[in-house]
Amino acid sequence: MTSLQDARRLGAAGLVAQIRERDMPAFGRTVDSIRDLAEDEKASATTLAEIILRDAALTTKVLKLANSAFFNPARAPINTVSRALVVLGFDAVANMALSLMLIDALLGSGVRERVVAEMARSFHAAVQARTIASLRGDPNPEEVFISALLGKVGEMAFWCFGDEAAQSLDAALSTGVPPEVAEQNVLGFRLRQVTAGLVREWRIGGLLSSLIERGEQAGTREASVAMAQSLARAAEAGWESNAARDVMARIEKHVDRPLDELLPMFAQNALAAAQAASSYGAPEAARLIPTLGARSIEEEPGEDEPAGPNPALQLKILRDLSMLIASKPNLNELLTLALEGIYRGIGMDRALFAMVSADRQQLAGKGALGNGGSALCRAFQFTLDGAPGELINSVILRHEQFCVGHAFEAPVRLDRLTRAGGMAPFAIAPIMVQGRAIGCFYADRVKPEPLSDDDAQSFLLFVQQASLGFEHLIGRGARG
């Protein structure tokens, strides 16, 4: 419980540390993982897909957002995280995931009305900022969008986790005292200082840091975000209010476009912002965004994936695999898509692919999905010693495939698999290219659910498609 006395004693820096360590530690760890990937030139989109796919709820939300009119106006179906990364790009999907996790964390409790109000302003500002940046010829309007969306993260976190201190500030603001005065009088610091601290801690973005530290005078991109934030707040008093007109006049000069050309854009953006908020899972915030004229906000339709095998999803992913093979895939895209089909489509608890070393002496896990998948991948390291009657040697050296319901049914020894953390029921099959095994796919169910004949056949079909993809790549390389 954060009392007012505690808040004043901790100050902005202390509250940032408390939010990071006590209130949102899991979010901070995921932010670190994704930001490390973004800064690592050698990291692949496959690793980001694995991070998202560990959380089934997050996977569903990312895919729903990727298929929304806001991010996918052409409405080309995106069935997998792997496909979303190809179509929308690494940065867009990473920002989706971070924003979705943040919104989930901030809508749980606290002074909910204040959280939702700030969230509504943030969505409105983000969409307006993206358009303003585009009109200015900005090379990366999506960065402007995310900077505006997360521009009040400290305020939202305080209203969510501030407990008694948040209630005290809420009471002061209810009397009509300006926010900057109330925050300083009640807390002894400004909430923007909390935002600045969290932006540094979570490495949310250089543009946002620049805006917080130096204001809109820092540059045209910072000005685009700041003007959009001002417009979102001013519009709450009415689009015809003096405050809104003043901000629109500033934007008119900033983008060098006449106001009568901008007004329809502002109106369309307000509605788009409400629809985006709904798609992100914040329908309460969507209803607070002031729109110009008639409004029709409908939550984007979405389908919850059934638990267990999903034949419809399997077909969609197999179709995506075929399309990928016919284009110019890289190995990571191919393997990750097949892995996602096994994990989500067949409904396995863990799925993994492993590759044979260049000297053909070792088999090592390279990627895995599911709870415990990372640990299994690290332990999935085997010497190909040719020992007869043993699972790994049988798969890689003798090209056998196994779908085992119970350990006692296995026709080969499972001791090495068991020591690595594998268990029945499981399926394993080699990835075959030009008559030899270059790796394998493995999948199991931790909970004691049987592996049906249909599950086994679907698993083998995904492995076969992956093998065809490798053949295609190698054949194309040989022709080149």
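I'd like to know if the range 49-66 contains one or more residues that are of a type outside the set (Val, Ile, Thr), more than 12 Å from the chain's Cα centre (by Cα) and open to solvent by 40 Å² or more (accessible area, probe 1.4 Å). Looking through the range 49-66, none of the residues is of a type outside the set (Val, Ile, Thr), more than 12 Å from the chain's Cα centre (by Cα) and open to solvent by 40 Å² or more (accessible area, probe 1.4 Å). Taken together, the residues in the range 386-445 that are basic (Lys, Arg) and under 19 Å from Arg350 (Cα atoms) amount to 3.
Assess whether Ala45 counts as being farther than 30 Å from Ala166 by Cα and in contact (Cβ under 8 Å) with a residue 24 or more places away in the chain. So Ala45 passes the test. Any residue at all in the range 390-411 that's without any contact (Cβ under 8 Å) to a residue 24 or more places away in the chain and of a type in the set (A, V, I, L, M)? Yes: the range 390-411 contains one or more residues that are without any contact (Cβ under 8 Å) to a residue 24 or more places away in the chain and of a type in the set (A, V, I, L, M).
Scanning the range 83-100 turns up no residue that is at positive phi, more than 15 Å from the chain's Cα centre (by Cα) and outside any helix (DSSP H, G or I). Candidates Trp159, Trp202, Trp239: the one that is in contact (Cβ under 8 Å) with a residue 24 or more places away in the chain and out of contact with any helix residue (DSSP H, G or I) (no Cβ under 6 Å at 6 or more places or on another chain) is Trp239.
Hey, does the range 431-450 have a residue that's under 19 Å from Met355 (Cα atoms), assigned to a loop (DSSP other than H, G, I, E, B) and either open to solvent by 30 Å² or more (accessible area, probe 1.4 Å) or of a type in the set (Phe, Trp, Tyr) (or both)?
yes
In the set (1) over 17 Å from Gly373 (Cβ atoms); (2) open to solvent by less than 20 Å² (accessible area, probe 1.4 Å), Pro25 fails one condition alone, (2). A Cβ distance below 8 Å, combined with a sequence gap of six or more or placement on separate chains, defines the contacts here; from the range 343-362, residues that are over 14 Å from Leu460 (Cα atoms) and in a loop (DSSP other than H, G, I, E, B) reach residues that are aliphatic (A, V, I, L, M) and open to solvent by less than 40 Å² (accessible area, probe 1.4 Å) in the pairs Ser357/Leu363; Ser357/Ala364; Arg360/Leu384; Gln361/Leu384.
Return yes when Ala410 is small (Gly, Ala, Ser), surrounded by 21 or more Cβ atoms within 10 Å (Cβ to Cβ) and touching a helix residue (DSSP H, G or I) at 6+ places or on another chain (Cβ under 9 Å) and no when it is not. Even if it seems obvious, please write down each step before you answer.
On the way: small (Gly, Ala, Ser): yes; surrounded by 21 or more Cβ atoms within 10 Å (Cβ to Cβ): no; touching a helix residue (DSSP H, G or I) at 6+ places or on another chain (Cβ under 9 Å): yes.
No; evaluated as a whole, the condition is false for this residue.
Can Thr60 be described as touching a helix residue (DSSP H, G or I) at 6+ places or on another chain (Cβ under 9 Å) and assigned to a helix (DSSP H, G or I)? Considered against the rule, which asks whether it is touching a helix residue (DSSP H, G or I) at 6+ places or on another chain (Cβ under 9 Å) and assigned to a helix (DSSP H, G or I), Thr60 comes out as no. Those helices (runs of 4 or more DSSP H) of the range 111-203 in which at least 1 residues are open to solvent by 40 Å² or more (accessible area, probe 1.4 Å) and more than 24 Å from Ala94 (Cα to Cα), considering only elements entirely within it, cover 112-135, 163-173, 179-187, 191-202. The residue pairs whose first member lies in the range 108-129 and is within 22 Å of Thr2 (Cβ to Cβ), whose second member is polar (S, T, N, Q), and whose beta carbons are closer than 9 Å, counting only pairs six or more residues apart or on different chains, are Val111/Gln167; Val115/Ser109.
The values are calculated or read from the model by the stated rules, or taken from the named source; none is laboratory data. Values in this document were obtained by computation on a predicted structure and should not be read as measured data. Reconstructed Cβ throughout: ideal geometry from the backbone, glycine too, with neighbour counts over all protein chains shown. Only protein heavy atoms, including side chains, enter the accessible area calculation; ligands, DNA and RNA are left aside. Shrake-Rupley method; radii C 1.70, N 1.55, O 1.52, S 1.80 Å.
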